[in-house]
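Visitor: Quick one: the structure is below, questions incoming.
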Amino acid sequence: MVNKILVVDDEDPIRALLCMGLKKKGYSYDEASNATQALDKLSRDYFSLVLLDINMPGTSGTDILPVIKEKYPDISVIMATAATDTSLAIQCMKEGAYDYITKPFDFNSLSLSIDRALDKRRLEIENRDYKMHLEQKVSKQAERIRKAFFNSITSLVYALEARDVYTFGHSHRVTQAAVVVSEKIGLNSSLVDDIRFAGLVHDIGKIGINEHVLNKPGKLTSSEYEHIKLHPEIGTRILEPIVNSKDILSIVKHHHERFDGRGYPDGLLEGTIPIGARIIAVVDSFDAMTSERPYRAALPHEKAISELLNGKGSQFDPDIVDTFVSLWRDNKIENIDTELPVLDYIKK
């Protein structure tokens, strides 16, 4: 775009002299005789530089300088002053003016100042644009990295399902039910999305559990049970470097806590167990009971519902159990979309 200069001076002969000199130098220009006219022209046209007289009747150049710099920060300003106003001109430079010129004008010096001001302005704009484009490139690269991290997590989930037949489809079923329960009890959409994500990855820590323990057809020994109880903390450690939500990490870590404080890993009591973890605990247990396990057949759904009701107030949050049971009996726990903007949860 061609640089255009606005000459602002209340004295007609001075404006005429400046405009004549600018025309000879090939500059595009316009003129204004007072501050009001200058601001009006700035609002209606594109200027690269303003030659601004300091002393004008009414609103002076010093009065509108901060207005120009605030509204049009890319415009360079050169102040025009009488020789006795040098200190005031320097103060104007501190407020954002590029330079000042003294009357009567040496047009060669003025032309040099204009060229330098325009060059400085061009470099500043180019530098800003470069930084903006660089930030966009960095943002795109960061998004690719976050996608790669999430793909790695997804691969771990698939690897877990390949190791443990019981786990196949389990995370998605738990997520579907947890979302319905969360919305039914009126949780806000942000927390619902946290629970949705946590449901998909809540068992990811089982990737660190011995396969023979995961698929053991008989009852676990005490040491084997202690080993499998490590999976919430293992999952949290897997997710911590890349997941940006403490709520999600807390749900993954505490989805095996019990309402009576006898759960794991931390034995939290009812008032300190995150609501998302309490929801996952109920729907996770229901899906576990109604799925084939290495050591037993799947329980009938009504039997699993009875087990949930028996666990109210001890293993499970009573309100969550009642909500889940009501939704299940109304056939609302199915066909729920589990898609979500997963990158929102990956650390930038």
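The values are calculated or read from the model by the stated rules, or taken from the named source; none is laboratory data. Treat the numbers as computed from the prediction; the structure is a model and nothing was measured. All Cβ positions, even for glycine, are placed from backbone atoms using ideal geometry, and neighbour counts span all protein chains on display.
Visitor: In the stretch 1-93, which helices (runs of 4 or more DSSP H) lie fully inside it and hold 3 or more residues that are in contact with a strand residue (DSSP E or B) (Cβ under 7 Å, 6 or more places away or on another chain) and of a type outside the set (Lys, Arg)?
Guide: It comes to 12-24, 61-71.
Visitor: Within the stretch 76-109, take every residue that is aliphatic (A, V, I, L, M) and either in contact with a Gly (Cβ under 7 Å, 6 or more places away or on another chain) or loosely packed, with under 15 Cβ neighbours inside 10 Å (or both) and give me the one that is nearest to ILE54 (Cα to Cα). Outline the logic, then answer.
Guide: Applying the first criterion (aliphatic (A, V, I, L, M)) to the stretch 76-109 yields 77-80, 82-83, 88-90, 93, 97, 101.
Next, from what is left, pick out any that are either in contact with a Gly (Cβ under 7 Å, 6 or more places away or on another chain) or loosely packed, with under 15 Cβ neighbours inside 10 Å (or both): 77, 79, 82-83, 90.
On the way: VAL77: 11, MET79: 6, ALA82: 9, ALA83: 12, ILE90: 11 Å.
Among them, the one singled out is MET79.
Visitor: Could you figure out which of (1) at pLDDT below 90; (2) under 30 Å from SER152 (Cβ atoms); (3) aliphatic (A, V, I, L, M) isn't true of ILE280?
Guide: The one condition ILE280 does not meet is (1).
Visitor: Further question on the same structure: Any idea which residue in the stretch 201-220 is surrounded by the most Cβ atoms within 10 Å (Cβ to Cβ), counting only those that are closer than 21 Å to ASP266 by Cα and not aliphatic (A, V, I, L, M)?
Guide: This residue is HIS202.
Visitor: Which is closer than 24 Å to LEU239 by Cα, surrounded by 11 or more Cβ atoms within 10 Å (Cβ to Cβ), among the acidic types (Asp, Glu) and modelled with pLDDT of 85 or more, of ASP164, ASP194? Steps first, please.
Guide: Details: ASP164 fails: modelled with pLDDT of 85 or more.
Answer to the selection: ASP194.
Visitor: Let me ask another. I'd like to check something: does the stretch 140-153 contain any residue that is among the charged types (D, E, K, R) and either part of a loop (DSSP other than H, G, I, E, B) or modelled with pLDDT of 85 or more (or both)?
Guide: no
Visitor: Checking the condition charged (D, E, K, R), closer than 16 Å to GLY313 by Cα and in a loop (DSSP other than H, G, I, E, B), which residue from ASP260, ASP266 passes?
Guide: Details: ASP266 fails: closer than 16 Å to GLY313 by Cα.
Sole residue among the options that is charged (D, E, K, R), closer than 16 Å to GLY313 by Cα and in a loop (DSSP other than H, G, I, E, B): ASP260.
Visitor: Count, please, the residues in the stretch 35-55 that happen to be of a type outside the set (A, V, I, L, M), under 19 Å from TYR100 (Cα atoms) and either in contact with a Cys (Cβ under 9 Å, 6 or more places away or on another chain) or surrounded by fewer than 18 Cβ atoms within 10 Å (Cβ to Cβ) (or both). Write out each step before concluding.
Guide: Of the stretch 35-55, the ones of a type outside the set (A, V, I, L, M) are 36-37, 40-41, 43-48, 53, 55.
Imposing the further condition that a residue be under 19 Å from TYR100 (Cα atoms) reduces the set to 47-48, 53, 55.
Retained after the next criterion (residues that are either in contact with a Cys (Cβ under 9 Å, 6 or more places away or on another chain) or surrounded by fewer than 18 Cβ atoms within 10 Å (Cβ to Cβ) (or both)): 55.
Looking only at that region, the number is 1.
Visitor: When both residues are 6+ apart or on different chains and their Cβ atoms are under 6 Å apart, which pairs have a first residue that lies in the stretch 304-333 and is over 12 Å from ALA281 (Cα atoms), and a second that is in a helix (DSSP H, G or I) and among the polar types (S, T, N, Q)?
Guide: From the stretch 304-333, no pairs qualify.
Visitor: What's the total number of residues in the stretch 243-257 that are modelled with pLDDT of 95 or more and not in a helix (DSSP H, G or I)?
Guide: Restricting attention to the stretch 243-257, the residues satisfying the condition of being modelled with pLDDT of 95 or more are 249-257.
With the extra rule that they be not in a helix (DSSP H, G or I), the set shrinks to 255-257.
Within the stretch 243-257, residues that are modelled with pLDDT of 95 or more and not in a helix (DSSP H, G or I) number 3.
Visitor: Give the number of residues within the stretch 56-68 that are surrounded by 17 or more Cβ atoms within 10 Å (Cβ to Cβ) and within 37 Å of the chain's Cα centre (by Cα).
Guide: Qualifying residue count for the region: 2.
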